[in-house]
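Peer 1: Provided herewith is a single structure, encoded as structure tokens, for subsequent inquiry.
The values are calculated or read from the model by the stated rules, or taken from the named source; none is laboratory data. Small disclaimer: the values here were computed from a predicted structure and weren't measured. Neighbour counts are summed over all protein chains in view; Cβ atoms, including those assigned to glycine, are modelled from backbone coordinates with ideal geometry.
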Amino acid sequence: MILNKKTITLVLIFFFLNDISYSKINLQIIMKINDNIITTYDLEKESNFLLALNPKLNEINKNDLLKLAKRSIIKEMIRKSEILKYKKLNLQNDQIDDVLKNMIQNLNYSNQSQFESYLDDFDISLNDIKRKIEIENEWKSLVYANYSKSVKINKNDLINEKISKEEFSFEYNISEIVFDNKQDISYEEQLKKILESIEINGFENTANLYSISDSAKVGGKIGWIKQNNLSIEVNQKIKNLKINSYSHPIKMGNSYLILKINDIKEVTIEFDKQKELNKMIMRETSKQLDKFSNIFYNKIKLNSTISEF
């Protein structure tokens, strides 16, 4: 039997589509968040994104990673839905490149090209990362617009006169875990779970699993902070900590903070009182806005429709 070109084409298309159906046989709808459909592919991609930002997540079991990815998708989709009520997302924000540059540096890559090669291993594109950065940036802008007037700063409380008179000071490379009191579990039980997870999974993975701060995506990493940019209470809690050790929980309003010291260096103080005060004000503002961010998100989440299949 002689096949014409049209028949051959149809046969090839059939086998091509058939091959795709087998390769995607596990593709399923797992959630609907407002009007957004989430599939197993989306969940796998989110898992890869989290692994790219914190490779130590390879140490936790697959089910925990998928739970973490699901929680991350829910948060992102709810935030995105709220942002889209006010503006479009088009990757045109100049701050995206600044955040991307910091991300590349924090992951110890020399340039964007190296970073893109790294992302290829996770089936993630640079635009995937930029879209996530844009959502996070616009969310922060939305939180600021709604809550900036509620931020209360006492400048006198931020000034540490003792540090300003010293010739040397310290800088700390810090990671954090921030957690709230939960209604269904006591503080003691929650703390026990977190501490056990730190022992089993490590601090960074525990930050991913339990921290409510946005830094959780990168294993709770904050980076280098000068001693005099930390509150007196925090300084007291960490001053005797050694590298790779972590603090007892520090009460911060309605939340609790556990800090890990990744590295310490001694620096000569070049103290500009006003400049340092401005930095402390910015940090305290950011800390209070993070608290309002969680309040805002939880409020919106209550009014969101989340269906799991």
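Peer 1: Tell me, which residue of the stretch 43-99 that is closer than 20 Å to Tyr118 by Cα and β-branched (Val, Ile, Thr) is farthest from the chain's Cα centre (by Cα)?
Peer 2: So, considering only residues that are closer than 20 Å to Tyr118 by Cα and β-branched (Val, Ile, Thr), the one farthest from the chain's Cα centre (by Cα) is Ile96.
Peer 1: Could I ask something else about it? If a residue must be in a helix (DSSP H, G or I), free of Cβ contacts under 8 Å to residues at least 60 places away in the same chain, touching a helix residue (DSSP H, G or I) at 6+ places or on another chain (Cβ under 9 Å) and not charged (D, E, K, R), how many such residues does the stretch 30-53 contain?
Peer 2: Count: 2.
Peer 1: Further question: Just one of the numbered conditions (1) surrounded by 12 or more Cβ atoms within 10 Å (Cβ to Cβ); (2) touching a Phe, Trp or Tyr at 6+ places or on another chain (Cβ under 9 Å); (3) modelled with pLDDT of 90 or more is not true of Lys226; which one?
Peer 2: Here Lys226 clears every test but (3).
Peer 1: Same structure, new question: Note down all Cβ pairs under 8 Å where the first residue falls in the stretch 54-78 and is within 26 Å of Glu138 (Cβ to Cβ), the second is among the hydroxyl-bearing types (Ser, Thr, Tyr) and outside any helix (DSSP H, G or I), and they're at least six residues apart or on different chains.
Peer 2: Close Cβ pairs satisfying both conditions: Ile78/Ser304.
So that you can scan it fast, the table gives a plain yes or no per residue for (1) over 11 Å from the mean Cα position of the chain (by Cα); (2) of a type outside the set (S, T, N, Q); (3) in a helix (DSSP H, G or I):
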position: Gln190; (1), (2), (3): yes, no, yes
position: Ser197; (1), (2), (3): yes, no, yes
position: Thr206; (1), (2), (3): yes, no, yes
position: Ile212; (1), (2), (3): no, yes, no
position: Ser215; (1), (2), (3): no, no, yes
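Peer 1: Please tell me if Ser304 is touching a residue at least 60 places away in the same chain (Cβ under 8 Å), within 28 Å of Asn146 (Cβ to Cβ) and crowded, with 19+ Cβ neighbours inside 10 Å.
Peer 2: When the stated conditions are applied, Ser304 does not pass them.
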